[in-house]
Amino acid sequence: MIELKTFEEYPGISTPRRLRKYVLVWCSKGTFTVVVDEKELKLKQYHVLTITSGQIHYFKNCNKADGYILEFTLDFFCKNDSDIELIFHNGLFCHFSLNEVIKISNHEIVQTELRLIGEELRLKPYQFLISIHSRIELILVEINRVKVERGDEIWKPDALFLKFLELVRANFDKNYSLSDISKKLGTTEAKLNEQSKLHTGRTAQNVIYGLIASEAKRLLTYQNLSAKEVAYQLGFNDPFYFSNFFKKHTKFSPKSYQIKYAL
């Protein structure tokens, strides 16, 4: 549901891992690098990085660094639509590989709240989970303030669009059609297209294609699977069709991509 660890307490910190949790990385001192999917991001003191559920990540060159790694599930944090919108506000935990390092000027706030979350988890006082939820809110608000103060365009996502992204991401193997997804969300294809064009400039179907292509890259890079195995995991009955799909969206064949990027 929720965990907080220092770098020293984090097992296998340099091993690629994939979590169905949202991850917030905080650098208290030193420098280190986090590899997220295909990107290498260097953090220094008082930098923060957010990683979306499902993204593969690992740490490099962090022998002299220290900080916190906060992990929490969507179910823990998102009790209502406002929570869903906050967690994705300004692209904090973005599904589109837009991870970025953010320097926090009021670093005492983030450092203090993370320390207090650790105490809450250790002592488990009355209503500690409610307290932790509020402290995560304060951290996310502080990050958003930094982004606004530096001139970033404010992105206020709609909860429906975020539920759409989550549903796609959690069900790649089922190969849901846009019609299936709209029914499961209690909405219409037209509404999902409207939200997708508003937030990404693309149709809902093209958003789905983009998420599938990103997932295929992760599986080919880190899971040591053949193109055929990846195809089946992503709901493709025909590996040849998957290969054509992948090449169309990445400009690589699955095999050539794997040769170039696989660990």
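The values are calculated or read from the model by the stated rules, or taken from the named source; none is laboratory data. Just so we're clear, the structure is a prediction, and the values are computed from it rather than from any experiment. Here Cβ is always computed from backbone atoms with ideal geometry, including for glycine, and neighbour counts include all displayed protein chains. Just so you know, the surface numbers come from the protein's heavy atoms only, side chains and all, with ligands and any DNA or RNA stripped out. Shrake-Rupley method; radii C 1.70, N 1.55, O 1.52, S 1.80 Å.
Tabulated data for the structure shown
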{"quantity": "Estimated vicinal HN-Hα couplings, Hz - region 17-30 in sequence order (Karplus 6.51, -1.76, 1.60; Gly, Pro = x)", "calculated": "9, 10, 10, 8, 9, 8, 10, 10, 10, 10, 9, 7, 7, x"}
{"quantity": "Probe 1.4 Å, accessible area per residue of region 78-188, Å²", "calculated": "51"}
{"quantity": "Value of D in µm² per second that Stokes-Einstein yields for region 69-135, Kirkwood Rh from Cα pairs, at 20 °C (1.002 mPa s)", "calculated": "158"}
{"quantity": "Within region 174-263: Cβ-based charge dipole about Cα centre, in debye rounded to nearest 20 (Lys, Arg +1; Asp, Glu -1)", "calculated": "240"}
{"quantity": "Carbon and sulfur %, accessible surface of the chain computed with the full protein complex present, 1.4 Å", "calculated": "49"}
{"quantity": "Translational diffusion of the chain, µm² s⁻¹ [Kirkwood Rh, Cα pairs; Stokes-Einstein; 25 °C; 0.890 mPa s]", "calculated": "125"}
{"quantity": "C-alpha long axis of helix 189-200 to longest principal axis of the chain, angle in °", "calculated": "60"}
{"quantity": "Of Gln223, Val48, Thr6, farthest towards positive along the dipole that unit charges on Lys, Arg, Asp, Glu beta carbons give the chain", "calculated": "Gln223"}
{"quantity": "Electrostatic dipole magnitude of the chain [Cβ: Lys, Arg +1; Asp, Glu -1; Cα centre; debye, to 20]", "calculated": "820"}
{"quantity": "Loop sites in region 186-232: GluC sites (Glu not before Pro), DSSP, at most 16 other Cβ within 10 Å", "calculated": "none"}
{"quantity": "Cα gyration tensor category, rounded, prolate or oblate, for region 139-263 with a/c compared to 1.5", "calculated": "oblate"}
{"quantity": "Alpha-carbon Debye profile of region 1-139, log10 I(q)/I(0) at 0.14 Å⁻¹", "calculated": "-0.61"}
{"quantity": "Rounded tilt (10° steps) of 107-123 against the dominant C-alpha axis of the chain", "calculated": "90"}
